[in-house]
1. Out of the residues in segment 181-226 meeting the condition of being of a type in the set (Gly, Ala, Ser) and touching a strand residue (DSSP E or B) at 6+ places or on another chain (Cβ under 7 Å), tell me which one is least open to solvent (accessible area, probe 1.4 Å).
2. Given the criteria under 19 Å from the mean Cα position of the chain (by Cα) and open to solvent by 80 Å² or more (accessible area, probe 1.4 Å), does Leu140 qualify?
3. Could you list all residues from segment 163-180 that are more than 13 Å from the ligand (Cβ to nearest atom), surrounded by fewer than 18 Cβ atoms within 10 Å (Cβ to Cβ) and not in a helix (DSSP H, G or I)?
4. How about segment 54-68: which of its residues are open to solvent by less than 60 Å² (accessible area, probe 1.4 Å) and near the ligand (Cβ under 9 Å from one of its atoms)?
5. Considering only segment 108-134, state which residues are open to solvent by less than 10 Å² (accessible area, probe 1.4 Å) and under 28 Å from Leu169 (Cα atoms).
6. Tell me, yes or no, whether segment 17-27 has at least one residue that is within 7 Å of the ligand (Cβ to nearest atom) and open to solvent by less than 20 Å² (accessible area, probe 1.4 Å).
7. Evaluate the following for Leu105: is it free of Cβ contacts under 8 Å to residues at least 60 places away in the same chain, in contact with a Phe, Trp or Tyr (Cβ under 8 Å, 6 or more places away or on another chain) and buried (at least 19 other Cβ atoms within 10 Å of the Cβ)?
8. Among Lys51, Lys83, which is the only one that is charged (D, E, K, R), exposed (fewer than 15 other Cβ atoms within 10 Å of the Cβ) and either within 15 Å of the ligand (Cβ to nearest atom) or closer than 27 Å to Asp224 by Cα (or both)?
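The values are calculated or read from the model by the stated rules, or taken from the named source; none is laboratory data. Since the structure is predicted, the reported quantities are computational estimates derived from the model, not experimental observations. With ideal geometry, Cβ positions are generated from the backbone for all residues, glycine too; neighbour counts draw on all protein chains shown. Protein only, heavy atoms only, side chains kept; ligands, DNA and RNA dropped before computing areas. Shrake-Rupley method; radii C 1.70, N 1.55, O 1.52, S 1.80 Å.
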Amino acid sequence: MRPALSVNRYSVVLLGAIGVGKGTQAKKLVDALKVPQISTGDILRAEVAAKSELGLQVQAVLDRGDLVADDLLIELVRNRLTKPDTARGAIFDGFPRTIPQADALDGLLEEQSMPTPVVISIEVPDDQIVQRLASRRVCLTCGATFSTETDASLIAAHRCPDGRSAQILQREDDKPETVQKRLAVYREKTAPLLEYYRRKRLLRNVSGVGGANEVFARILIDLDGASE
Ligand code: AMP
């Protein structure tokens, strides 16, 4: 039998439009590979919730569905990568989102002697994205995501799957008007990264249609043999 995926070092970038399931797949990868998830959206939302200086600075940008400035994001990820839990790699969820961020990531990985990333593009048709985001709810306490279609009883009971009490809400930026804006921003600023990573021969395309476990199985096939 091949050794478990977890013995190696991994940098994984999850690309894809909003609502394709990057966060869900990132959490599954954390369990499988034992490296941390770096979700820049979660980090920024935590700053907003804490009303920190950074949070106050970025709140309006997040609510509008725009992107936060590249320099700020690059610095934020640089800091995060100095923490010891990234010694064996990281799952990047929501970063990079622009070409300058992708260029910077190369340097950041090199600074930390981390492996060249495997870039997984999760692909879902736009109409399904809009539907998924309309039904997405998130727990303010632990970041878990829920769907009003499949998790109605947990949402009604204010419970996370682990039984803890949850504060489950719709993200301000998941409201329909902002979703259209975020999709447009994705097409303009982030979609060019697909070609960027394709040229570098780092890109793997995975269908994000179907259940989370099904999508995860596809990702694992792509990751097999991709560690350092
Ligand atoms: P997400 O949870 O990944 O959808 O991110 C939520 C919001 O955080 C985005 O709509 C942006 O406003 C901001 N954000 C997250 N990651 C980035 C990034 N890499 N670059 C710029 N803005 C970001």
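1. By that ranking, first place goes to Gly208.
2. Yes; evaluated as a whole, the condition is true for this residue.
3. Gly163, Arg164, Ser165, Gln167, Leu169, Gln170
4. Within segment 54-68, Val58, Val61, Leu62, Gly65, Asp66, Leu67, Val68 meet the criteria.
5. Listed by number, the residues that qualify are Ser121, Ile122, Ile129, Leu133.
6. So far as segment 17-27 goes, yes, one or more of its residues are within 7 Å of the ligand (Cβ to nearest atom) and open to solvent by less than 20 Å² (accessible area, probe 1.4 Å).
7. no
8. After ruling out the rest, the residue left standing is Lys83.
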